[in-house]
Protein chains: 2
Amino acid sequence: MLTGRMMDFPLTLTHFLERARTYFGSSEIVSRRPDKSLQRSTYADFCRRAARLAHALTRLGVKPGDRVASLCWNHQQHLELYFAVPAMGAVLHTLNLRLHPNDLGYIARHAEDRVLVVDRSLLPLLEKFIATVPGVQHVIVIPDDGPVPEGRLDYEALLAAEPDSFAFPPLEERSAAMLCYTSGTTGHPKGVLYSHRSIVLHSLAECMSDTVGVSEADTMLPVVPMFHAAAWGLPFSSFFTGAKLVFPGPHLDPPSLLDLMVQERVTLAAGVPTIWLGILALLDQEPKRWDLRSVRSMLIGGAAAPLAMIEGFLHRHGLVVTHAWGMTELNPVGTLARPRRQHEQRPQAERLALRATQGYAVPFVELRHVSDSGQVLSWDGTTMGELEARGPWVASSYYGDEGADRFTADGWFKTGDVVTIDAEGYVRITDRSKDVIKSGGEWISSVALENALMAHPAVLEAAVFAARHPKWDERPLAAVVLKPGQSATKEQLVAHLEPHFAKWWLPEDYVFLPQIPRTSTGKFLKTKLREDLGDYLLKASRGGS
Amino acid sequence: MLTGRMMDFPLTLTHFLERARTYFGSSEIVSRRPDKSLQRSTYADFCRRAARLAHALTRLGVKPGDRVASLCWNHQQHLELYFAVPAMGAVLHTLNLRLHPNDLGYIARHAEDRVLVVDRSLLPLLEKFIATVPGVQHVIVIPDDGPVPEGRLDYEALLAAEPDSFAFPPLEERSAAMLCYTSGTTGHPKGVLYSHRSIVLHSLAECMSDTVGVSEADTMLPVVPMFHAAAWGLPFSSFFTGAKLVFPGPHLDPPSLLDLMVQERVTLAAGVPTIWLGILALLDQEPKRWDLRSVRSMLIGGAAAPLAMIEGFLHRHGLVVTHAWGMTELNPVGTLARPRRQHEQRPQAERLALRATQGYAVPFVELRHVSDSGQVLSWDGTTMGELEARGPWVASSYYGDEGADRFTADGWFKTGDVVTIDAEGYVRITDRSKDVIKSGGEWISSVALENALMAHPAVLEAAVFAARHPKWDERPLAAVVLKPGQSATKEQLVAHLEPHFAKWWLPEDYVFLPQIPRTSTGKFLKTKLREDLGDYLLKASRGGS
Ligand SMILES: Nc1ncnc2c1ncn2[C@@H]1O[C@H](COP(=O)(O)OP(=O)(O)OP(=O)(O)O)[C@@H](O)[C@H]1O
Ligand SMILES: Nc1ncnc2c1ncn2[C@@H]1O[C@H](COP(=O)(O)OP(=O)(O)OP(=O)(O)O)[C@@H](O)[C@H]1O
Ligand SMILES: [Mg+2]
Ligand SMILES: [Mg+2]
């Protein structure tokens, strides 16, 4: 091999900080506090505070490689942790505040967190598990909703005592920067250890025109929590470009978000479908109340964005949805649903339908799907198989080495998502492998049925899952939530689905529920549905016999 | 150090090929042949041909690390070499067809080229130096303007004999991919050895919304030659995104370029200022002839883009210029002139003036400027010093190790450009270090004077350079080319400059020339001006005394 003669300049977050300090000092950061007031700041101030934080943590004994945990909403201080901790060579571990305290304790022990930074408003949650994590030597409290209790380390007081600049050490680009756990839908949460390199490359990809295209001229609102898959990397990529950043704090209800979007002239916002379903419903109710002309796109992912929602936003409110698929194990963005030049002449409905697929791989992510027996499948748009991924921001193993079976011998990561891939490379998730419905030996796509049900005007949400069946082993059962004040009968829903599906795909029955159980990150919790309703058809058939 | 747990996926051009094959098969490539006809093709076809080329070169004995030279215009076959050669692990060395045959011979020997691919239309040039390069074992001829002469290897015949796919080997990302020589304005050309990593990262940066923002929806016309600094990396970044590519072949005259831009609906075009000066003059003459509404930006760099030109394009033709600074040693883009959010409210003239600076660093390039004594200078917008750069796509040494004095002990590359940097980070090149004018011990910026002169309506081009002076050691002398049919006197030019400069900055005299000598890459050749006219003032003073 002949080696190139170019500098060995490492891809680290230190450069992001340096670049922000040098060029983007006047860019704004806005965070909403628990009392709904706004904290306003600039990148220049941010960089000084990040330096102070690095000093304070050093003083508390944080060493390279140590884990510093956060238990925080989305706000500027959390962003300070995002940069100061990795740039000092330590590792930021974001704790998911929606998890059960037992899980939080498990994860904090598993990660061997040494310092934990927590919002004062979240202290009651912390108290429920901190005693089970003796490894945590210091708890630092961010006074978000009032003064820090006596005897606790005060984040602001610590920063106030330190100087404005810090000599961040040179780092290797493969050194660990951040530790994120999967949401634990399918067993114990597993840790994914991002490197500086993986975060930097993922950020570069998110700034490309054909992906999110984050720009200095943008105003980014990450609704997706910073404690979940690094808020899809958007705090990193936005900060990298010098974009204005707007953080919602704990206020994730639709009116609060819409007010913030209008007030701060948000151009890009990102979150899971539940959030946007709520926003769409509110916009439909009061179409004139919010002026959202500043918004150029809403990034939706983490669970399937129903076509009806994407269509509703576009046709009724002129808002463009960019649907993306990702995983904690992918740092996290893997695909993005954008029509390409070859689709320009296709009918608008077809282009919209493409926007509702999971899309095609972002640069540097490579995908394939394989059969149960490990055979690589063809991209014909109909053959279902488990999606596998590889690339510079795909995990090569879990922290702690659980789940070794998720990594193939030839270097791919098994996503656990069951998909089809069409000839143009568009991926459609039909199910998660733990949630597949196998009826009479054949797979039925719950996601396709859910999307169709959610297109019914009376349906707010619908989850289709596998219920045990005496003859077919499993049959699809639909859990349906109706919009307030609306009604629909089983017969109407059947009539609505019939034109679009083979008869044997149609749900065996419909259960109307007030809400659908969800995971900590907004995905349908089908294990819970199966637990509660898995025997529904057996009982019904016994009842009926 | 704790190491991240992410895949060691190398950043190589192999992924670009794989991605293009997978997703962008229908994207177009259009090349103009010497006879002006258009060769039309697709990425799918391109990928097959790149595979065939790799087979053919392997068969000819090309091994990893071997240099394969090209002596070609911009066209699809050249692009095939851009990808097939590095992806097989060999190194593409692009020869600059504008150089003197002696220089070409020197460079080809220095690079130890083993195979050379040449356009049939350039065979006469090849014959002038190939005998001096005994190391070249095979010459392959691309039949661009007619059949390949008897006894020569025919590029198309070689490809026709090979299969459509090639197992490109796994490569380390730091392995060499491309060898580009500086244009040799200041001594023997020096080789810069790009790695896969440097090209890939540079491509990612070029796709960012805030830089070039190349997108799949774009149609890119690289006018800048592929034999000069990899055509600014645009063939790589454009191909990476799946953009339509349009190559001008040898037809670089303004009407041919404008016709091509209209015909192929070009959205982005890139070239040196001379090219665009010619285009602007023609558009001014015939403002209605070409419909350029498809064009979203023209990237101009390689030499200073005069403000008057940027302004003329915008105000008279609605065309946006993106001014960039780069060097062969930087793979090559270093800065880009874009106003930022903080300038939104500034007067339009000020924003335009920012667009005429060299701009601020692109992501992952870090800059500083230093005094003669090596002191790092402050960013005050007035202090001049030599610009230094570092980053993952900055050279760490030259191929062959000449010019070791260009690399500082603390890891920076000395650009040889003399600049100011203002508090917002905008760089203004005042001169090249070999071209600086030192009058009575003080520096005068030739570039500032040239820009001002070129804003005069009768002036097509102006170069200001150092002429020897009996009293002041050096004084600025202006070489001026007038527009056809226009006139201007020395007195008029003095009156035009006076309001903008200190008296002692004004050129000592004005010499009217039919054209200004240029380097092979379109820069003013001030060494030649000094050679021809360096004693002009001495003679004048003697004559006048
Ligand atoms: N756009 C999308 N459409 C459909 N499903 C999506 C989309 N984006 C993400 N998902 C689902 O979310 C999963 C990734 O979720 P995440 O990494 O947050 O943790 P989890 O998979 O829920 O937790 P665990 O792996 O512990 O069960 C994907 O594997 C996929 O099933
Ligand atoms: N936008 C620009 N404005 C002013 N000068 C520019 C601009 N872009 C490039 N240049 C000049 O071009 C130089 C880089 O040119 P290149 O790498 O093509 O070879 P060269 O410097 O002409 O050759 P050599 O180094 O052998 O003298 C820069 O150092 C700078 O002087
Ligand atoms: Mg998972
Ligand atoms: Mg040079």
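The values are calculated or read from the model by the stated rules, or taken from the named source; none is laboratory data. This is a predicted model, so every value here is computed, not measured. All Cβ positions, even for glycine, are placed from backbone atoms using ideal geometry, and neighbour counts span all protein chains on display. We work out accessible area using only protein heavy atoms, side chains counted, and drop any ligands, DNA or RNA first. Shrake-Rupley method; radii C 1.70, N 1.55, O 1.52, S 1.80 Å.
What the table shows:
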read-out: Gyration tensor verdict on region B:13-252 (Cα atoms; rounded if a/c is under 1.5, prolate if a/b is larger than b/c, oblate otherwise); value: rounded
read-out: Cα-only Debye scattering, region A:493-545: base-10 log of I(q)/I(0) at q = 0.24 Å⁻¹; value: -1.05
read-out: Centroid-to-centroid separation of region B:334-382 and region B:422-485 [C-alpha atoms, Å]; value: 20 Å
read-out: Average beta-carbon neighbours from other chains, 10 Å sphere, peptide A:201-208; value: 6
read-out: Per-copy distances of the residue B:346 label point, shortest first, in nm (7 angstrom along Cα→Cβ); value: 4.4
read-out: Ranked by how many other beta carbons lie within 10 Å on average, peptides A:310-322, A:144-156, B:246-258 from highest; value: B:246-258, A:310-322, A:144-156
read-out: Area hidden from solvent between A and B (accessible, protein heavy atoms only, 1.4 Å, total, Å²); value: 6600 Å²
read-out: Normalised contact order of region B:13-252, rounded percent, pairs of Cα under 8 Å and 6 or more residues apart; value: 25 percent
read-out: Kirkwood Rh and Cα Rg combined as Rg/Rh, chain A; value: 0.97
read-out: Mean Cα-pair separation over length for region A:52-107, i.e. relative contact order, pairs under 8 Å, 6 or more apart, %; value: 38 percent
read-out: For peptides A:260-270, A:167-177, A:482-492, A:226-236, sequence by mean Cβ density within 10 Å, most packed first; value: A:226-236, A:260-270, A:167-177, A:482-492
read-out: FRET efficiency, 1/(1 + (r/R0)^6) with R0 22 Å, evaluated for residue A:402 and residue A:528 via beta carbons; value: 0.45
read-out: FRET efficiency, residue A:373 to residue A:422 (Cβ-Cβ, R0 25 Å, nearest 0.05); value: 0.65
read-out: Estimated inter-spin distance, residue B:37 and residue B:251, nm [label 7 Å along Cα→Cβ]; value: 1.3 nm
read-out: Label-to-label distance, nm, for residues given as residue B:380 and residue A:45 (7 Å Cα→Cβ offset); value: 2.9 nm
read-out: List of region B:226-253 residues, accessible area with partners at least 10 Å² below that of the chain alone (1.4 Å probe); value: B:240, B:241, B:244
read-out: Rounded if a/c under 1.5, otherwise prolate or oblate - region A:129-269, Cα gyration tensor axes; value: rounded
read-out: Cα-based convex hull, the protein assembly as shown, per residue volume (Å³, whole number); value: 183 Å³
read-out: Value at 222 nm in deg cm²/dmol, rounded to 500, when DSSP H runs of n ≥ 4 in chain A each add -39,500 (n - 2.57); value: -8500 deg cm²/dmol
read-out: Reduction of at least 20 Å² in accessible surface, 1.4 Å probe, comparing all protein chains with the chain by itself, residues of region A:338-382; value: A:340, A:341, A:342, A:360, A:361, A:363, A:364, A:366, A:379
read-out: Residues residue A:511 and residue A:157, FRET efficiency given R0 of 51 Å [Cβ-Cβ distance, rounded to 0.05]; value: 0.45
read-out: Neighbouring partner chain Cβ atoms per residue of A:41-47, average, 10 Å criterion; value: 0
read-out: For region A:314-473, projected area of the alpha-carbon convex hull averaged over all directions, nm²; value: 12.0 nm²
read-out: Residue A:106 accessible area, assembled protein chains, probe 1.4 Å, Å²; value: 50 Å²
read-out: Inter-chain Cβ neighbour average for residues B:17-28, partner chain, 10 Å; value: 3
read-out: Rounded if a/c under 1.5, otherwise prolate or oblate - region B:437-541, Cα gyration tensor axes; value: oblate
read-out: Relative contact order of region A:437-541, defined on C-alpha pairs under 8 angstrom at six or more residues apart (%); value: 28 percent
read-out: Sorted peptide list for A:290-302, B:374-386, A:107-119, criterion being average Cβ within 10 angstrom, highest first; value: A:107-119, A:290-302, B:374-386
read-out: Descending semi-axes in whole angstrom, ellipsoid equivalent of region A:1-96, from the Cα gyration tensor; value: 28, 19, 12
read-out: Part-to-part distance (alpha-carbon centres) for region A:502-545 and region A:203-269, which is given in Å; value: 35 Å
read-out: Average accessible area per residue (Å²) across region A:352-502 - probe 1.4 Å, nucleic acids and ligands excluded; value: 39 Å²
read-out: Using a 7 Å Cα-to-Cβ projection, residue A:443 label spacings across copies, nm, ascending; value: 6.5
read-out: Separation of alpha-carbon centers, region B:51-111 and region A:153-181, rounded to whole Å; value: 47 Å
read-out: Using a 7 Å Cα-to-Cβ projection, residue B:284 label spacings across copies, nm, ascending; value: 5.9
read-out: Inter-probe distance in nm under a simple model that places probes 7 Å from Cα toward Cβ, at residue B:481 and residue B:297; value: 2.8 nm
read-out: Accessible surface of the protein assembly as shown [probe 1.4 Å, protein heavy atoms]: carbon and sulfur percent; value: 52 percent
